[in-house]
Amino acid sequence: MTARSAVSAAKAALKSQAVETPSWAFGNSGTRFKVFAQKGVPRTPQEKLADAARVHAHTGVAPTVALHIPWDRVDDYAALGAHARDLGVRIGVINSNVFQDDDYKLGSVTHPDPAVRRKALAHLLECVDVMDATGSRDLKLWFSDGTNYPGQDDISARQGRLAEALSAVYGRLGDHQRMLLEYKLFEPSFYTMDVPDWGTAYAHCLRLGPRAQVVVDTGHHAPGTNIEFIVAVLLREKKLGGFDFNSRFYADDDLMAGAADPFQLFRIMYEVIRGGGFTPDTAFMLDQCHNIEEKIPAVIRSVMNVQEATAKALLVDAEALSAAQRAGDVLAAHAVIMDAFNTDVRPLVAEVRTELGADADPVAAYHASGYGEKIVAERVGGTAAGWGA
């Protein structure tokens, strides 16, 4: 493939890209120690959708918005879905919440008390109802369930309770709907997490069936974990459902995607492309908390970082890489990867945005639009959205 044809193919692929933004990233959020409130943040799910629509207008590749229930609870979800469409976006993944209730201190679907487990399951099934009303395809499940001390509970029994709950939810899904199971190494439980790693998530999803998939949160691993290896294996097994993109320096930091280690994001996207995962069947989502930076520009920058990492991954010379690998030429193979990563793709991605009818420089366009000043002036009174700390 010539350099010109490679660039042309990359442009075509980039135009098909979709990065889902999270509703909670537009509200007040932060660390467990403090949430610094900002002016102009949304007060309602409708205002969150408006901010997400602004991100899509400037970038051209953020057409869906993930909801978090009950943070985004409304009386009429069908109307909320219609409102999103009126704004030029759609409702994406529905995220459940079985970690912010006092009853869940010892777990939710794995709690020793059957009454607590029934309560948690009822919420998960409620989230499927929300999917039905909004037209969402994916339900994302993350469980804070686990233990803090040896002997606190029976580890194997908790896996059985988890499997029972997942089976009930899976049975409730429609034919076009999927379950995305997320894992996390630690926090808030520190001795055991009930879904601590991709292997545990994979085992449960494999047992359930083809519409149960694993979701990879880039912040949910031990330091030094080779995330792209996990991605490659899950793609090979047809069990990669999607990503929660963010950056981490230490643990689950939830910083802007591509901010801490853009090379890692590039490597992940290369494995996605090489493994055939750059399709609508893989949900590319942001999962971030913007504590000290402006919300909307931070989300825009994250989308741009994902675009740029993807563009570089698309420019890897697959033929040259394969030839070097077959020849056992370690340095030549590595050079192919580094050549792609060191390519300045910003002009290419700007051209893609312009051809999509968006902005070549989304951050500058946002600041020039006056939208930030407008929402600060208009969103006075009421209660700002956020999850508190």
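Values for this structure:
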{"read-out": "Near-label residues of segment 2-21 by backbone N, under 13 Å of a point 7 Å along Cα→Cβ of A320", "value": "2-4, 6-7"}
{"read-out": "Globularity index of the chain, i.e. its alpha-carbon radius of gyration over 2.2 N^0.38 Å", "value": "0.99"}
{"read-out": "Cα-based convex hull, segment 111-265, per residue volume (Å³, whole number)", "value": "117 Å³"}
{"read-out": "Hull-based mean projected area of segment 76-169, where the convex hull spans the alpha carbons, in square nanometres", "value": "6.7 nm²"}
{"read-out": "Carbon/sulfur fraction of accessible area - segment 211-257, other protein chains in place, 1.4 Å, %", "value": "58 percent"}
{"read-out": "Longest exposed-site-free window of the chain, the sites being trypsin sites (Lys or Arg not before Pro) in a DSSP loop that have at most 13 other C-beta atoms within 10 Å", "value": "239-389"}
{"read-out": "The chain, helix-only ellipticity at 222 nm - DSSP H runs n ≥ 4, -39,500 (n - 2.57), divided by all residues, nearest 500", "value": "-14500 deg cm²/dmol"}
{"read-out": "Taking N as its residue count, the alpha carbon Rg of segment 1-133 over 2.2 N^0.38 Å", "value": "1.34"}
{"read-out": "Sites A163 and A384 - FRET efficiency at Förster radius 41 Å, r taken between beta-carbons, to 0.05", "value": "0.60"}
{"read-out": "Proximal charge balance of A358 [Cβ under 12 Å; K/R count +1, D/E count -1]", "value": "-1"}
{"read-out": "Spin-label pair L356/V376, simplified geometry with 7 Å Cα→Cβ offset, distance in nm", "value": "2.8 nm"}
{"read-out": "Mean accessible surface per residue for the chain, computed with a 1.4 Å probe while every protein chain stays in place, in Å²", "value": "44 Å²"}
{"read-out": "Full-stretch length increase - T343, T279 - with 0.36 nm per residue and alpha-carbon distance subtracted", "value": "20.7 nm"}
{"read-out": "Cleavage-rule hits (GluC sites (Glu not before Pro)) in segment 217-277: DSSP loop, at most 13 neighbouring Cβ within 10 angstrom", "value": "E237"}
{"read-out": "Projected label distance in nm at D113 and L185, using a 7 Å step from Cα toward the beta-carbon", "value": "3.3 nm"}
{"read-out": "Percent RCO, i.e. relative contact order, over segment 72-184, from Cα pairs under 8 Å lying at least 6 residues apart", "value": "30 percent"}
{"read-out": "Sparsely packed chymotrypsin sites (Phe, Trp or Tyr not before Pro) within segment 207-253, loop by DSSP, other Cβ within 10 Å at most 12", "value": "F249, Y250"}
{"read-out": "Segment 208-347 - Kirkwood radius from inverse mean 1/r over Cα pairs (Å)", "value": "15.8 Å"}
{"read-out": "Coil-residue chymotrypsin sites (Phe, Trp or Tyr not before Pro) of segment 25-113, DSSP, other Cβ within 10 Å capped at 11", "value": "F33"}
{"read-out": "Computed label-point distance, nm, for sites D175 and A368 using a 7 Å Cα→Cβ extension", "value": "4.9 nm"}
{"read-out": "Whole-angstrom Cα spans of segment 212-269 along principal axes, big to small", "value": "29, 20, 17"}
{"read-out": "Zone of D253's modelled label, taken as backbone nitrogen in segment 15-30 under 19 Å from a point 7 Å along Cα→Cβ", "value": "25, 29-30"}
{"read-out": "Under 5 Å, built H, 5+ apart or other chain: amide partners of G386", "value": "N28"}
{"read-out": "Contour minus Cα-Cα distance for D132 and I155 (0.36 nm per residue)", "value": "4.9 nm"}
{"read-out": "Centre separation in Å (Cα based) which lies between segment 175-209 and segment 59-75", "value": "22 Å"}
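The values are calculated or read from the model by the stated rules, or taken from the named source; none is laboratory data. Owing to the predicted nature of the structure, the values given are computational and were not obtained by experimental measurement. Cβ sites come from the backbone with ideal geometry, for glycine too, and all protein chains shown count toward neighbours. Heavy atoms of the whole protein, side chains included, go into the accessibility calculation; ligands, DNA and RNA do not. Shrake-Rupley method; radii C 1.70, N 1.55, O 1.52, S 1.80 Å.
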